[in-house]
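Take a look at the structure set out below.
Only the coordinates and a few stated rules stand behind these numbers; no lab work does. None of the values given here were measured: they were computed from a predicted structure. Note: ideal-geometry Cβ built from the backbone for every residue, glycine included; neighbour counts use all protein chains shown.
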Amino acid sequence: MPLTDAQRQQVAAWIAAGMKLSEVQNRLAAEFGLALTYMEVRLLVDDLRVIPPDPEPAPPPPPAPEAAAPSAPANPDSDPLPAGGVSVSVDKLTRSGALASGKVTFSDGQQGDWYLDPMGRLGVVPAQQDYQPSPEDVQEFQLALQAELGRLGY
């Protein structure tokens, strides 16, 4: 490789400082006017017997908070409604055309059927036409459904 001893020492210093090979490649072109391929830079680093330092490991993500939403027991014959909450149950036999389906009872006692279509979209069919659950109930339903489906391995 057409590098002087001083240039080789500079490359070794860059690598020791934690520079990536692509950065060394760009720096060689900018500072020394050398247009080397990535492979040529890799071979140069091997020739210099310089080992790039391992990148710092990313810090682990903070643990996710546990969902505090109540979930219904898998047996729909039992009393699935916790006091003042939303309950969700999963059908043992999934409705036709759905990935998963089940029943929901909102905090005001209104009931409905829910389903997850093949595109992953969630749908709810209330038992009473034109019923709209409160935004809080919708959020609690989604959390309870996520917890129940996770518990069942979906």
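Here the extension length gained between Gln111 and Asp5 equals 30.2 nm, from 0.36 nm per residue of separation less the Cα-Cα distance. Computed over the Cα atoms of the stretch 5-48, the ratio of the radius of gyration to the Kirkwood radius (Rg/Rh) comes to 0.90. Each residue, Gln129 and Ser22, gets one label point 7 Å from its Cα in the Cβ direction; the gap between the two is 6.0 nm. Taking 0.36 nm per residue of separation and subtracting the Cα-Cα distance, full extension of the segment from Ala30 to Lys92 would add 15.7 nm.
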